[in-house]
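Q: Before anything else, here's the structure in question.
Derivation of every value follows stated rules applied to the coordinates shown; laboratory data play no part. These numbers were taken from a predicted model, which means no experiment stands behind them. Note that each Cβ is placed from the backbone with ideal geometry, even for glycine, and that neighbours are counted across all protein chains shown.
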Amino acid sequence: MANGKKKKNKKKLFIFGGLGTLLLVIILLVVFSGNKEQIVSVQIEKAVKRDITQVVTATGTINPDFQVKISAEATGEIVQLNVKEGEQVKKGQLLLKIKPETYIAQKNKVEASLASVQATLNVYKADLEQADVNLKRVKSMYEKKLASDVELETAQSTYTTAKGTYESEKAALAQTQASLKEADENLNKTSVYAPMNGVVTSLKVELGERVLGSGYSSGTELLTVSDLSIMEATVDVDENDVVLVSVGDTSRVKIDAFSNKTFNGIVTEIGNSAASTTSSSSQDQVVNYEVKIRLIDKDNAIRPGMSCDARVETDTKKGVWSVPIQSVTARVENQNNQNQQQQSGNEPVVTDTRIKTNKTTAKSKEIVFIVKDNIAKIVDVEIGISDESYIEIKGGLKGDEDVVSGPYKAISKELTEGCKVMVQSSKKESGETKK
C-alpha cells in the first residue's frame, strides 16, 4: 500500500513539474517575442538634382478681356430690334429702338414753351430799351433844370423794373433751353447704338418687350457687346496660394470644351479683395481671390462662359536637390516624453503631427528618412518650392542619399530612428504612378 502511494505522488510530481516547465517556456517565448525588433518594408528613391516648377491650380470661366453691358436709359416698348445674339456689330450701329412717342411729345412741349419764353423776352427787351431811352432823356432835361426830381426818380424806377423783368425772363429762357436739351437727350436714349466693334454675346430682351429706364435704379439690362479678339480666364485662387501669384506669371489654361488643347496665358490682374467666400460650416471658410489670365493663343471657337482649369507657374528653380514630395513629413517632438526617455537613457520619441499636442510642450519639424545599411535614420531638412511630384531640399541632405519614398503609412507612423527596414523595388520599377 505504501509503495502504491509513493508511486502516485511521484506521478503527480512529474505532471505538475512538466506543467510548470511548459508554463515557464511559454512565458519566456512571450517575453522574447515581445522584444523582437520590427522590420518595416519601404521603398526608396535617391535625392537628385532636378528642375522644379511651383504651380498654383485654380478653376474659373473664360470671359472677354473687354465687354460692355448695355442697360435701358429710356422707359418704353421695344419697337425695333436689329441684332441677334452672336451677331457681329460695328461701333455706332443701331442695335434697337424704344418707342419714342412720349419723349417726342415732351420735346415738342418744351420747344413750345421755349418759343413762348423767347417771345416774352423780346417784349421785355423792348420795354427795357424804351425805359433806357426815357431815362436818358429825363436826365438831360434834369441837368438843364427842365425836369423835376420826381420825374427823374420815376424814370429811374421804371428803368430798374424793366431791367429786372428782362433779366428774370432771360433766366427763364436759359432754364427752358436746358429742359429742351434734356428732352432731346431723353429722346436720343430711345435709340441704342453699339459702343464699339464686337459681338453681341448676350441678348436679354425681345421685340415688343417693355423695359424700364435708369431713373432712380439701374435700368433693364438689354444686351452685352464683347470684344472676342482678346479673351481671358477669370479664376478663383485660394487665399493661401494667391500670395504666390504675381502679375506676369506664365499660365497654362485648359478649357473643358477643348480637352486635347492647352492655351498659354499670362497673369494680368490679381484681386485685392476677396471675390468669394464659401464655407461648409461656420468654422470652415474658404476665401478666394479673383485672378485674370490673358490668353496668348487665339481660337475663334472660344466662347464666353466656358469652364476652364488654370495652372499658374509661380516659380521655377533649375538643378536643385529634391526628393519625392511624400518623403517629407512633419513630426513633433514631445518634450515630456523626451524627458522621460532621457531619464531612462533612451532616445526621444518622435510622433506624427496628426496627434494633437500642446504647443507649449511640442515642437514641429520637417524630416525625411534615409536608409543606410538597412537602418532608417531621421534627417531634419529645410524645404523650398515643390511641384506635383517633387519638393526642393534647401538644407539637411548632401545629395544622392537613399530617401524613403513610401509607403505613406511607414513614413507617417511606423518608421523611427534606428528602425530596421527592408527595401522593396522602387515605385518606378514596380510601375506605380506618383501622385
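Q: Modelling each spin label as a point 7 Å along the Cα-to-Cβ direction, I'd like the residue 240/residue 59 distance in nm, to one decimal.
A: In this crude spin-label approximation the distance works out to 1.8 nm.
Q: Here's another thing I want to ask about it. Loop only per DSSP, at most 16 neighbouring Cβ atoms within 10 Å: give me the trypsin sites (Lys or Arg not before Pro) in the stretch 127-183, ordered by residue number. Display every interim value, and only then the final one.
A: Numbers: sites: 136, 137, 139, 144, 145, 163, 170, 181; in loops: 144, 145.
In loop regions of the stretch 127-183 (DSSP not H, G, I, E or B), the sparsely surrounded trypsin sites (Lys or Arg not before Pro) are 144, 145.
Q: Same structure again: Cross-link list 90/292; 97/189; 69/204: which exceed 20 angstrom alpha carbon to alpha carbon? Walk me through the numbers on the way to the answer.
A: On the way: 90/292 27 Å; 97/189 9 Å; 69/204 11 Å.
Going by Cα-Cα distance, 90/292 fall outside the 20 Å limit.
Q: Report, by chain and number, residues whose modeled amide H sits under 5 Å from the one on residue 419, excluding near sequence neighbours (fewer than 5 apart, same chain).
A: 376
Q: Turning to a different aspect of this structure: Quickly work out the residue 168-to-residue 88 label distance, labels modelled 7 Å from Cα along the C-beta direction, and quote it in nm with one decimal.
A: 6.3 nm
Q: For 214, 202, 140, what ranking results if the residue with the fewest other Cβ atoms within 10 Å of its Cβ goes first? Kindly include the intermediate steps, with their values, before the conclusion.
A: Numbers: 214 14, 202 18, 140 11.
Listing 214, 202, 140 from fewest to most nearby Cβ atoms yields 140, 214, 202.
Q: Take the Cα atoms of the stretch 33-171, find their three principal axes, and give me the spread along each one in whole Å, biggest first.
A: 145, 47, 35
Q: Would you work out the charge dipole size for the stretch 120-226 about its Cα centre, treating the Cβ of every Lys and Arg as +1 and the Cβ of every Asp and Glu as -1, and quote it to the nearest 20 debye?
A: 260 debye
Q: Could you please rank 62, 266, placing first whichever residue has the fewest other Cβ atoms within 10 Å of its Cβ? Write down the numbers at each step before the final one.
A: Details: 62 23, 266 16.
Ordered by Cβ neighbours within 10 Å, fewest first: 266, 62.
Q: For residue 221 and residue 316 in the same chain, what is the full-extension length gain: residue separation times 0.36 nm, less their Cα-Cα distance, in nm?
A: Working: separation 95, 0.36 × 95 = 34.20 nm, distance 4.54 nm.
Extending this stretch completely gives an extra 29.7 nm.
Q: Quote the FRET efficiency, to the nearest 0.05, computed for residue 389 versus residue 23 with a Förster distance R0 of 35 Å and r equal to the Cβ-Cβ distance. All intermediate terms of the calculation are to be shown ahead of the outcome.
A: Numbers: r = 56 Å, r/R0 = 1.59.
Result of the calculation: an efficiency of 0.05.
Q: Only counting other Cβ atoms within 10 Å, I'd like 142, 289 sorted with the fewest neighbours first. Numbers along the way, then the final one.
A: Working: 142 15, 289 21.
By the 10 Å Cβ count, ascending: 142, 289.
Q: Lysine pairs in the stretch 101-188 with alpha-carbon atoms under 24 Å apart, 8 or more places apart or on different chains: how many are there?
A: Lysine pair count for the stretch 101-188: 14.
Q: Would you please give the residues with an amide H less than 5 Å from that of residue 147, counting only those at least 5 places away or on a separate chain, with H modeled from the backbone geometry?
A: Those qualifying (amide H under 5 Å, at least 5 residues apart or on another chain) are 142.
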